Amino acid sequence: MKSPTGKKQHISLYDTTLRDGCQGEDISLTLADKLRVAERLDELGFDYIEGGWPGSNPRDEDFFREAKKLRLRDARITAFGMTRRAGSSAGKDLNLKKLVESQTPVITIFGKTWQLHVLEDLKISREQNLEIIEDSIEYLRHHTGEVIFDAEHFFDGYQDDPEYAIDCLRAAAAGGASTLVLCDTNGGNLPGFIADATRAAAAAVDKPLGIHCHNDCELGVANSLAAVEAGALQVQGTINGFGERCGNANLISIIAGLELKLGCHTIGAESLRRLSELSHFVYELANLPPRKSQAYVGQSAFAHKGGVHVAAVRKNPLTYEHIDPAAVGNIQRVLISDLAGKANILKKAEEFGVSVDSNDPKVQTLLGQLKELENAGYQYEGAEASFELMMHRALNGHLQFFKLVGFRVIDETYKGSELPSSEASVAVEFLDGRRQQAVAFGNGPVNALDQALRQVLTKEYPQIASVQLLDYKVRVLPGIGGTAAKVRVLIESGDDHERWGTVGVSHNVIEASWQALVDSIDYKLYCDQKRRQESELSAGRKRG
Ligand SMILES: [Zn+2]
């Protein structure tokens, strides 16, 4: 979309993650988190950051106090509140006083535009409501630089009585509001109607319009984009769509849609490449797992599983991708699965730096082996380290740092102890035939095994001391019922360089854990070896 001057139309972004977003059931951000979010949004080029509602939540006052110390580049911190109460004056209204006291450069207030609310909730006349809107804004305009008006329930009000809803906008404009924001507060409207009502409002009032949607019909993003196409110049929403009920309109998808689909300017191409990072950053602070299938930024947004798709995207990504994932800071992924075809294996090999000829018969063997393992319950999504090891073994021959001679685990509960204690012994043989064994205790059998394995290997491979076990998951595999069922164990490990996932499958949970533990250690030793070889190679190149 072009502006009247022929440049890309700028759509201003108004983030309300810290206010409306924090109304979400599982969302809780500390003051420190909120300040970090604000700084990040500013860094990326957001225009407004709504920090809270000082009249309703005293903790939000702390935010406004601390936010003043932030050195923001362009973003304007905004306080949120409502129009004055009926039967009093703006100057005496406590809510408005709190807003002024927060000393933000911008104040946003919401007011009623649906006569149902005016007559039945506030129990005042239609005219009184118009006065309240106008004089509340007028009062705030004397105390702050900019006042934005959120027209609450505008679309429901417009459906009920279009003229009155527009009169409310006119009252806000007369009071001096800079932007009139049309709100789909209940989230119940559809894009066609949102567009029509926005166009009507744009024709009736001579002020910039904004849009504030909720996601109750899963149309928060669609409705926001429809409003922009109909003339709105500001979009309000939250990062990842956090918010009450089904959430607010998701700004992440809206930004990508505005920039990449509608040709508008919001944060610009450079910041757009940090969109995935921004989304994950906010999930991380809210202590929530990112949604894999989230549009544009989810881990699966550009992940391909079907063999035909993989073959095609290798030739030309546009065949099965609607945008270049790099534009939003995401990446294409090729999943390893029972649908894996030859193309998948080749792509993965390329990713892991293994050179294979597509006509090499070993590729076919590997494919067969992979199918067999998957039938047995192995799955490599999330266990890519195990997959890489398996691929190396199949294509480049042996890759082993030690051999298992045997292990034993004993669990004991005795009188007086609250929890059972575990003891594990492990014996291994090194490549030169030497044998080593160790015994260790742990708070559970897997922990004891892990300890014993480390003890037995540390002398030979001191670098494994830096490996940490970060996560451990057990899944009972469908098929055979009860305790006879197979289990799959997924382990996530990490060191100073990276994190990796490994997998084990067995009828015995200890055996499955052992497989995943050994793969984890093998992977660490293999990566160190690879790094060493690479640095030797580059040193040799420099000398040569
Ligand atoms: Zn809202």
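Overview of results
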item: Fraction of beta bridges assigned by DSSP in region 1-138 that are antiparallel (%, nearest 5); result: 10 percent
item: In degrees, nearest ten, helix 126-141 long axis to first principal axis of the chain (Cα); result: 70 degrees
item: Inter-label distance, nm, simple model (7 Å from Cα along the C-beta direction), L70/A327; result: 2.9 nm
item: Which of A86, I137, H153, positive extreme of dipole for region 63-186 (C-beta unit charges); result: I137
item: Sparse-neighbourhood loop sites, trypsin sites (Lys or Arg not before Pro) in region 387-431 - DSSP loop, at most 10 other Cβ within 10 angstrom; result: K415
item: Cα centroid of region 431-452 to Cα centroid of region 265-294, whole Å; result: 42 Å
item: Exceeding the 28 Å Cα-Cα cut-off - candidates K459/K486; K7/K68; K69/K98; result: K459/K486; K7/K68
item: Accessible heavy-atom area order of M391, M82, highest first, probe of 1.4 Å; result: M82, M391
item: L470 versus K342: modelled label distance in nm, points set 7 Å from Cα along the beta carbon direction; result: 3.6 nm
item: The chain: calculated mean residue ellipticity at 222 nm from DSSP helix runs of at least 4, using -39500 (n - 2.57); result: -12000 deg cm²/dmol
item: Dipole of the chain, positive end: most advanced residue of L537, Q400, A269 [Cβ charges, Cα centre]; result: L537
item: Accessible surface, 1.4 Å probe, highest first, among residues W514, W114; result: W114, W514
item: Solvent-accessible area, 1.4 Å probe, carbon plus sulfur percent, for the chain; result: 49 percent
item: Protein-only accessible surface order, largest first, of S88, S136 at 1.4 Å; result: S88, S136
item: Rounded tilt (10° steps) of 445-458 against the dominant C-alpha axis of the chain; result: 60 degrees
item: Two-decimal ratio, region 197-257, of alpha-carbon radius of gyration to 2.2 N^0.38 Å; result: 1.10
item: Electrostatic dipole magnitude of region 92-228 [Cβ: Lys, Arg +1; Asp, Glu -1; Cα centre; debye, to 20]; result: 380 debye
item: Residues with amide H under 5 Å from that of H304, placed H, sequence gap 5 or more; result: R333, V334, L335
item: Those residues of region 128-157 whose amide nitrogen sits under 20 Å from the label point placed on E229, 7 Å along Cα→Cβ; result: 155
item: Nearest-ten-degree value, helix 342-351 long axis tilted from longest Cα axis of the chain; result: 90 degrees
item: Among N250, L99, H280 - extreme Cα towards positive end, dipole of the chain, charges at beta-carbon; result: H280
item: Volume per residue of the C-alpha convex hull in region 183-335, rounded to whole Å³; result: 123 Å³
item: Exposed GluC sites (Glu not before Pro) absent: longest stretch of the chain, with sites in DSSP loops and at most 10 other Cβ within 10 Å deemed exposed; result: 26-417
item: Cross-link reach list, aspartates and glutamates versus K371, counting only Cα pairs under 13 Å and skipping chain neighbours closer than eight places; result: D338
item: The chain, dipole about Cα centre (Lys/Arg Cβ +1, Asp/Glu Cβ -1), debye to the nearest 20; result: 1760 debye
item: Sparse-neighbourhood loop sites, chymotrypsin sites (Phe, Trp or Tyr not before Pro) in region 385-477 - DSSP loop, at most 13 other Cβ within 10 angstrom; result: Y414
item: Accessible surface, the chain, averaged per residue in Å² (probe 1.4 Å); result: 48 Å²
item: Spatially proximal aspartates and glutamates relative to K92 (Cα-Cα < 13 Å; intrachain offsets below 8 disregarded); result: D135
item: Kirkwood hydrodynamic radius (C-alpha pairs) into Stokes-Einstein, the chain, 4 °C and 1.567 mPa s, D in µm²/s; result: 47 µm²/s
item: Reachable aspartates and glutamates, given that their alpha-carbon falls under 12 Å from the alpha-carbon of K8 and they are not under 8 places away in the same chain; result: E259
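The values are calculated or read from the model by the stated rules, or taken from the named source; none is laboratory data. Remember, it's a predicted structure, so these values are computed and weren't measured experimentally. Ideal geometry is used to build each Cβ from the backbone, glycine not excepted, and the neighbour counts take in all protein chains shown. For accessibility, only protein heavy atoms count, side chains too; no ligands or nucleic acids. Shrake-Rupley method; radii C 1.70, N 1.55, O 1.52, S 1.80 Å.
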